[in-house]
Every structure is written in structure tokens, then in C-alpha cells.
Amino acid sequence: MSATDYQYHVKSAGVNQRENHPALWSTASATDTRRRHWEVQADGEQKLPGKWGALKAGLLASFWRNEDDTRNRLTQNGADVPFATFTDLYTYCEQDYAAYASWQFQYRTFSGTVGLRYEHRTIDPRSMVASERNQRSHYDHLYPNIQFGYLINPLKGHSLRLSYARGVIMPMLPMLNPTVHWQSEYQYSMGNPFLQPATSEYISGTLTLWHGYWVSLSWGRNSMFRQVYFEADVPDLYYSSYVNGESVHTLRMAAGATKRFAKRLMLNGSLDYFRQTSSYQNLGQTGNQFHASIAATYILPHDVNVRLGGMYDSPCEQLTYHSGEHWQLSVRLTKQLFRRSLTLTLNYICIPRTTNSIETGSVQSSQQSQLSPHRVGLSVRYMLQWGKQVLKIRRSSGASEESRRGG
């Protein structure tokens, strides 16, 4: 069983104004974010007799609360515009209860896992400014997953793995926030608190050619959130919001390698090709994109792990939205103390500004991110544990889902 409880503050601010004439039109906003997450998890395992493998089962309860304290001001011709001058406390609360079980087995060179997960989730987004759109929603989801593996040649490391998984994609917090945010005097955006969770389904196969080198082929189908751009009643003004209904089919081909040098250095690299077909109502678009990544992990003295990473995404065309090329560099230092119960992590990420374009009807717009390309983060995590099995599970967990969806 394990429990985590953390709180952090994020402050952001931005200013948009008419070029060379800020007195005619300008907007300024500042947001203070507070996030809390508490989780309790219990796992158990029962080995079956003979070669029948093992059964694993668990229960999880997760509580998440996010608060965005936003102050926005819009001035036009020297006077405040009431529609876009406000102070809002946007609160998002989520409760998640899950039960899951899996059967793992291995027979000679065959192995497999068959699992099922049930989740009951309650979300409650609330805005003080747009209180008429506040809504509490309940969702129930069932996720099956199946994995099979075959060891072709143990001496050369040749193996084949097939998998199928079904899941759900929850909207990010900015997608649900109903308050208005101005990007320029020609465009504003607002979230949709009535968004429904989206479903996903994936089938993939991975072939390991020899030690550390692999190729992969996968197909996925998602019902995604659609950012729709509308032309407003005022000339040369449009706004965006999010709706359900976009269907995305993705074909992915990838190749990569993982190599270890001595005992302290490990390199990972991959090259991916995506062919994505999107459809929404009577619109359709097929786009191609390449993704490349490389990472190096090195163990410094005193068991300090340093990880250097690089990533590149090629430009991609989507429905009414065209993204420019994107790349980033990252450095991460990690140190574990007190028998791995306390984890200290320092992150630095460099994401250069990218330019994206939007086209809806007769309106075209080009956007460039105004955020700083440099980001620094420090996290402290302490884990209470009972038994060795929980430690293994917690160490294998990935990035925080709350941080990702927080936008």
C-alpha cells in the first residue's frame, strides 16, 4: 500500500497588444495554480500451482484537486472591456476508484498477460465567472488488455511481442475551463466543461532483431477532442472551443535500439513514422509526420542519475490546423535516499518557440508560442511502503497523469 500527497504552485503571466498601438487594444492575464493529489493503492499476488503462472489484483483510490486563480484585464481605446476583465477561481476536482486484475503466465518460450481494469470516475469543474456552465459528471469505464510474447532465439535475443489495449483519454484542464482567454484582438478561446472522455484502442507488434535493436508496427483508433474554430458575428473575429466527435486512425512504424555501455551508461534512440487520418463531420485530412528521439542515461558517483534527452517532430497538417516543426532538449538529475523512499528530481527543458497556423473559412491566423523556451522544475517525492512488491510497482510507474493533463 502506498500514499502520496503533494502541493505546488505555478504562476504564469502573459500580455498581448496591438503592434505599435497598445493603447488601442491590450490584454494582460496572470494565473496562480495550486494542485493537490492524494492516492492510496493496495496490490496482491497469488502464484498458481505448476506452470499456470500468477494472478495479480489491486485496488486504487485517487483524489485530485486543482485550483486556477486567474486575473484578466482587457482594455480598448483606454477603457476596460467588462466581457474580458474579470477575476476567476476555477476549481477542478476528480475522484477515481479502480479495481484491476491480471493473469500472467509463461510456458517454455511463450509468455502472456490477460488483464482487466474497471474505473469509476467523478469530475467536478467549477468556475465563478461562468457558474451557469458548472456540471458534475460520473463515468464508468472497463479496460481490457492482452499481451503475448514468443522468444524466437534466446541466444541472439530474437523475440516477438503482440498486444491489444483499450483505454480512455481524459481532457486536459484548459479544455474544460469555460473562461475566455484572448490570444489577440482577432481571436479568443474558451473551454467546454461538457466534454466527454474519449476512448482509445491499440493493436501493436514488436520484433526484436538482435540484442537491443527492434522494429515495431502498430495501429490505433481514437475518438478525440476537437478544437473547433468559429467565425464570430463581428468581422475579422473568431474564437475556438473544444467538442467531441473527431475520429483519428493512426498507423505507426518505428525502429530503435537500446544499448548499454559498461555499467553506468545506457543509450536509447528511436525513429517513428506516423500516418494519421482524421475526420470530423464532413471534413477529412491525412497527414504524415516523423518523430526522432535519443536519450543517454549515466550513473554518476553517489548513485546520482543524469539523463540527457533530445526530441524532434516534423511539421504536420491536420484538420484546419497546421503545426510547425518542434524539438526540445532536456536534462534530468535524480537522487534516491532512505532506501529509495525519498526521490529528488531536478529537470531542465528547452522548448524553442514554434509557429502554428489556423485556417477556418475565410479566416487565417498564424500563432507563435509566447512562453519562455526554458523550463526548470524541482520535485520531491516520499513513498510509504509495506513490503517489497509495492516498491517494485511504484518504481515502474510513469510520469504524473495530473501534470500532463494540467497543461
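Can you find a residue in region 296-307 that is modelled with pLDDT under 85, open to solvent by 60 Å² or more (accessible area, probe 1.4 Å) and closer than 27 Å to A257 by Cβ?
Yes, there is a match, as at least one residue in region 296-307 is modelled with pLDDT under 85, open to solvent by 60 Å² or more (accessible area, probe 1.4 Å) and closer than 27 Å to A257 by Cβ.
Could you list, in sequence order, all residues of region 261-291 that are among the aromatic types (F, W, Y) and open to solvent by 80 Å² or more (accessible area, probe 1.4 Å)?
F261, F290
Take T208 and decide whether it is over 21 Å from M172 (Cβ atoms) and either among the aliphatic types (A, V, I, L, M) or not in a loop (DSSP other than H, G, I, E, B) (or both).
Yes.
Within region 64-87, can you find the residues that are open to solvent by 60 Å² or more (accessible area, probe 1.4 Å) and either within 29 Å of the chain's Cα centre (by Cα) or acidic (D, E) (or both)?
If the condition is that a residue be open to solvent by 60 Å² or more (accessible area, probe 1.4 Å) and either within 29 Å of the chain's Cα centre (by Cα) or acidic (D, E) (or both), then R65, R71, D80, T87 are the ones that fit.
Considering each of A257, A292 in turn, give the residue that is under 22 Å from L209 (Cα atoms), in contact with a Phe, Trp or Tyr (Cβ under 6 Å, 6 or more places away or on another chain) and modelled with pLDDT under 95.
Answer to the check: A257.
When the residues of region 49-63 are filtered to those that are open to solvent by 30 Å² or more (accessible area, probe 1.4 Å) and touching a strand residue (DSSP E or B) at 6+ places or on another chain (Cβ under 8 Å), which remaining residue is nearest to N177 (Cα to Cα)?
Across region 49-63, the extreme among qualifying residues is F63.
Are there any pairs with C-beta distances below 9 angstrom linking a residue in region 101-113 that is of a type in the set (S, T, Y) to a residue that is surrounded by fewer than 16 Cβ atoms within 10 Å (Cβ to Cβ) and not in a strand (DSSP E or B), with the two at least 6 apart or on different chains, and if so which?
Within 9 Å, the pairs are Y107/K51; T109/P154.
For region 1-21, give me the residue count where each residue is at pLDDT 65 or above and open to solvent by less than 60 Å² (accessible area, probe 1.4 Å).
1
Among the residues of region 41-78, write down those that are more than 30 Å from Y90 (Cβ to Cβ) and at pLDDT below 85.
G50, K51
Has region 39-56 got at least one residue that is closer than 20 Å to E185 by Cα and more than 29 Å from the chain's Cα centre (by Cα)?
For region 39-56, residues closer than 20 Å to E185 by Cα and more than 29 Å from the chain's Cα centre (by Cα): absent.
Within region 193-206, how many residues are buried (at least 16 other Cβ atoms within 10 Å of the Cβ), of a type outside the set (F, W, Y) and under 19 Å from S218 (Cα atoms)?
3
The values are calculated or read from the model by the stated rules, or taken from the named source; none is laboratory data. Please read these numbers as outputs of a predicted model, since none were measured by experiment. For neighbour counting, all protein chains shown are included, and Cβ atoms are generated from backbone atoms with ideal geometry for every residue, glycine included. We work out accessible area using only protein heavy atoms, side chains counted, and drop any ligands, DNA or RNA first. Shrake-Rupley method; radii C 1.70, N 1.55, O 1.52, S 1.80 Å.
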